[in-house]
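Note sheet for the following structure.
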Ligand SMILES: Cc1cc2nc3c(=O)[nH]c(=O)nc-3n(C[C@H](O)[C@H](O)[C@H](O)COP(=O)(O)OP(=O)(O)OC[C@H]3O[C@@H](n4cnc5c(N)ncnc54)[C@H](O)[C@@H]3O)c2cc1C
């Protein structure tokens, strides 16, 4: 009848289903356990995700897949981002057709992305040229990183890998960022409602209210950009989605930290996990520079 | 999720496009921004043209998607803006349609649609801006009339309006929100003084309106006495919903023009400027998607635009200011020359974070009404 740019009932059900699954397989306790065991990839979780169709989501049913499209994949990765599920989810998802075992979660696939590789040591297969690779002490306790050119600043052309050339990788990253953006907004609002100072909830103070309002505005504008890009699959829409989603996740996590006060600066609170992961994701697919330049070219014709 | 249009909608778009291509070249030249009577005639003339072609009611009767297409296509074709018809078509008209009696609808709606009468909005007062419910303009009953005294401010188009949708206090003793009444005041009544106010952009876009025992027939009251606040909220939600659709399309066009201008004058070689434009392009693409999202939500959830409108307004008003700041970077030192394109627009953009609810007020609305945070104060 008209543009129906809203989630369908099936898409809502999928969203709820993935959230429920992740709540069961990767709840807060599992998250904190993963933080305590850096670099270890939980194979049982990986197989559970495979069994639920996370990696085979977009494979045709004839090939043993779920036969869904990019919008559904984006909803699933948004949930994964929100739950901070560790592991090379996108690389494995993108390899579902090409690498045996990836679709079912038996094989963990990592991929070179520019000068970085996430989860190289834990993976069964690494796609891309890994010559000269060296481990770095990753800022994110939940994402082990390797640097391709060692630790020196890059000289010569930046190497690319499957993660930095496929726009779908950028889109799914944006979906993960959206998950973080929505989650940190919720965390901030929850805290603002319950923490009391000066005899009332801090959420009654306008300075705090306005931080929270901006958290929502950023995540909602990112949401429509990500969803629209999933519908059109236009590289320019994807570039736009990544810019808005990066902003919503990174700035959102920082503002959420601010709302939490001293608690926000602790290892114990989850806020820093979102911020650090958001920083790692923002590095993917050529970073914001590549997306900005792509859009600029579209604009100037 | 679907971003495609139905065959009927595509047909509507095609017909409209064809009509616009025919009619736009026949329009008279745009009047000077300082010539208000000419602006009034021009804006009304455009509404009359729309009416005669069967497009007059698109703001009211059409589905939200059809309205979206209409606003998108008219803007894209460079058709005139609603201008002086803004309050009639987007505030007062919809309010009367929703809350007026059959007689009131018959009296006021057709002249709005036919491009015969201009409305203005007399809500804000010197001491009642963000805190609109503090308004003090008094009205008391005298026989069949209300007698109104007080003053309004920032009234856009007051100089050329035939009618004013006026908020007055009819019960000073009631709680603030319960003593307000909505009246349609004829602007030619005795006791009205309009004093134009010059904006920082140089032209007189709004005015002060002084009311000295102005008699307004009681039959011009829309809704019950002292129920004007509720009636007003209907109007404001219209204003914050669909009012900016055409502007997003316009901003995207300006962004493209700026990029081309930057290429011509060499500033495009600066990667900082280029990347800034990339970011703005992302922003306006997303604002367009948010518009489509909100329209779809309105279509599935009923007529009055929802809270998505506050999210939109906050983001859009800021983006528009960034757009014209970027224009200043393209212009270089010419940004100080009022005769250059975009310079006046840059000045005008400064009102966007103030008019129709300041950004601070919008954030409070988002925090309290959408996020459910405890009320301040
Ligand atoms: C171009 C233009 C056209 C307009 N046209 C019309 C019209 O046709 N009809 C009409 O009735 N009105 C019109 N207005 C008026 C407009 O609605 C008001 O200007 C607006 O609501 C703000 O009110 P104010 O100007 O009194 O500012 P104030 O309310 O005095 O605000 C001043 C500053 O204080 C801040 N502030 C105020 N209260 C709070 C609070 N509770 N929390 C945090 N910050 C706060 C504001 O955000 C702002 O920064 C127009 C305004 C403009 C700029």
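What follows draws every value from the coordinates through simple rules; no lab data is involved. All values reported here derive from a predicted model rather than from experimental measurement. No Cβ is skipped: glycine too gets one built from the backbone with ideal geometry, and neighbour counts run over all protein chains shown.
Computed over region A:31-83, relative contact order equals 18 percent, with contacts defined as Cα pairs under 8 Å that lie 6+ residues apart. Taking all Cα pairs closer than 8 Å and separated by 6 or more residues, the relative contact order of chain B comes to 13 percent. Restricting attention to the protein assembly as shown, close to 80% of DSSP beta bridges with both partner residues there are antiparallel.
At 37 °C and 0.692 mPa s, grab the translational diffusion coefficient of region A:212-301 from Stokes-Einstein with a Kirkwood Rh over Cα pairs, rounded to a whole number in µm² per second. Stokes-Einstein gives a translational diffusion coefficient of 235 µm²/s.
The reciprocal of the average 1/r between distinct C-alpha atoms defines the Kirkwood hydrodynamic radius, which for the protein assembly as shown equals 27.5 Å. For region B:10-81 versus region B:243-281, the inter-centroid distance based on Cα atoms is 25 Å.
Averaging the inverse of every distinct alpha carbon separation and then flipping it gives the Kirkwood radius. What is it for chain B, in angstrom units? When all Cα pairs of chain B are included, the Kirkwood radius is 22.1 Å. Between residue A:130 and residue B:77, the modelled label-to-label distance comes to 6.0 nm, taking each label 7 Å out from Cα in the direction of the beta carbon. Take every Cα pair under 8 Å whose residues are at least 6 apart in sequence, average their separation, divide by the length of chain A, and the relative contact order is 16 percent. The percentage of C-alpha pairs in region B:163-220 whose separation is greater than 14 Å is 64%. Neighbour counts of other Cβ atoms within 10 Å put B:182, B:108 in the fewest-to-most order B:108, B:182. In this simple spin-label approximation, residue B:4 and residue B:21 carry label points 7 Å from Cα along the Cα→Cβ vector, and these lie 2.4 nm apart.
The alpha carbons of region B:295-369 give a radius of gyration and a Dmax of 16.1, 49 Å, in that order.
Pairs of C-alpha atoms in chain A farther apart than 33 Å represent 22 percent of all such pairs. Its alpha carbons give region A:249-301 an Rg and a Dmax of 15.3, 49 Å. Build a GNM of chain A with springs between Cα atoms under 10 Å apart, and of A:204, A:103, A:278 the one that fluctuates most is A:204. Computing Rg and the Kirkwood Rh from the Cα coordinates of region A:39-155 gives a ratio, Rg/Rh, of 1.00.
The length gained by stretching the chain between residue B:210 and residue B:358 to full extension, at 0.36 nm per residue less their Cα-Cα distance, is 50.9 nm.
Here region A:62-93 and region A:1-41 have alpha carbon centers that stand 9 Å from each other.
On the beta carbon distance between residue B:13 and residue A:36, with R0 = 51 Å, the FRET formula returns roughly 0.30. Here the simple spin-label model places points 7 Å from the Cα toward Cβ, and for residue B:337 and residue B:197 these points are separated by 3.3 nm.
Stokes-Einstein at 37 °C, 0.692 mPa s, Kirkwood radius from Cα pairs: D for region B:106-242 in µm² s⁻¹? In µm²/s, the coefficient rounds to 216. Nearest 5 is fine: what % of DSSP beta bridges in region B:109-243 come out antiparallel, could you say? Rounded to the nearest five, the antiparallel share is 85 percent.
When a/c is below 1.5 the answer is rounded, else prolate if a/b is larger than b/c, else oblate, so apply that to region B:7-113 with a ≥ b ≥ c taken from the square roots of the Cα gyration tensor eigenvalues. Oblate is the answer for region B:7-113, as a/c is 1.5 or above yet b/c matches or exceeds a/b. Can you give me the Cα centroid spacing of region B:313-377 and region A:180-237 in angstrom? Between the Cα centres of region B:313-377 and region A:180-237 lies a distance of 20 Å. Computed per residue of chain B from DSSP H runs no shorter than four, each worth -39500 (n - 2.57), the mean residue ellipticity at 222 nm is -15000 deg cm²/dmol. Here is the size of region B:245-370 from its Cα atoms: Rg then Dmax, 16.2, 49 Å.
All C-alpha pair distances within region B:169-319, sorted into 10 Å bins from zero, spread as 9, 22, 26, 24, 12, 6, 1 percent across the bins. Taking B:125, B:11, B:116 as the candidate residues, the one with maximal mean-square fluctuation in a Gaussian network model of chain B, Cα springs under 10 Å, is B:11.
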